[in-house]
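Reading through the structure tokens given below for one structure.
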Amino acid sequence: FWFVRELQIVDRTDNTTTVHFVIGSDLFVQVFLSQQTGRLNLALVGPSGRLYGRDRERESWHRHPFENPKTHEATSVGMSSHPLMQFMAEVEDLLIAHALI
């Protein structure tokens with residue numbers, strides 16, 4: 001994606017990986033994956049914390065809407081078969097719509 005400046009592997013264990021797709025000095029996408037539990041957390045993070053996110057826990061998806069990222073909003077439809085690509089496309093739309101880049 002054109003807006004990603006750098007990829008950083010922030011943490012890695014035998015079962016988990018946390019990666020940051022750096023967009024700016026205080027803006028990044030964080031991806032957390034646990035192979036053991038299947039948990040996948042995707043978040044757009046800014047200086048004040050999570051701005052938007054989608055999480056999969058126990059095969060169920062929920063999102064943290066941009067308007068109120070502290071809430072959990074159940075989604076009747078999960079993510080596509082390529083959740084990272086879908087999430088990054090959503091982030092791109094948010095970055096442009098809210099003039100974050």
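So here's what we get for this one:
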{"read-out": "Contacts under 8 angstrom Cβ, first residue in segment 89-101 being under 13 Å from residue 22 (Cα atoms), partner outside any helix (DSSP H, G or I) and among the hydroxyl-bearing types (Ser, Thr, Tyr), 6 or more apart", "value": "91/52"}
{"read-out": "Members of segment 1-47 that are closer than 17 Å to residue 90 by Cα and in a loop (DSSP other than H, G, I, E, B)", "value": "1, 2, 3, 4"}
{"read-out": "Top-ranked residue of segment 34-55 - restricted to ones that are modelled with pLDDT of 90 or more, open to solvent by less than 70 Å² (accessible area, probe 1.4 Å) and more than 10 Å from the chain's Cα centre (by Cα), ranked as nearest to residue 1 (Cα to Cα)", "value": "46"}
{"read-out": "Cβ-Cβ under 9 Å pairs, at least 6 apart or on other chains, segment 28-56 side farther than 19 Å from residue 12 by Cβ, far side at pLDDT below 95 and β-branched (Val, Ile, Thr)", "value": "54/75"}
{"read-out": "Output for segment 1-19, where each listed residue is under 16 Å from residue 53 (Cα atoms) and crowded, with 17+ Cβ neighbours inside 10 Å", "value": "19"}
{"read-out": "Qualifying residue in segment 66-88 (condition: at positive phi and at pLDDT below 90)", "value": "no"}
{"read-out": "Residue within segment 73-85 that is within 20 Å of residue 26 (Cβ to Cβ) and either open to solvent by 70 Å² or more (accessible area, probe 1.4 Å) or over 12 Å from the mean Cα position of the chain (by Cα) (or both) present", "value": "no"}
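The values are calculated or read from the model by the stated rules, or taken from the named source; none is laboratory data. Bear in mind that the values here come from a model prediction, so they are computed numbers and not experimental data. Cβ atoms come from the backbone with ideal geometry, glycine included; neighbour counts cover every protein chain shown. Protein only, heavy atoms only, side chains kept; ligands, DNA and RNA dropped before computing areas. Shrake-Rupley method; radii C 1.70, N 1.55, O 1.52, S 1.80 Å.
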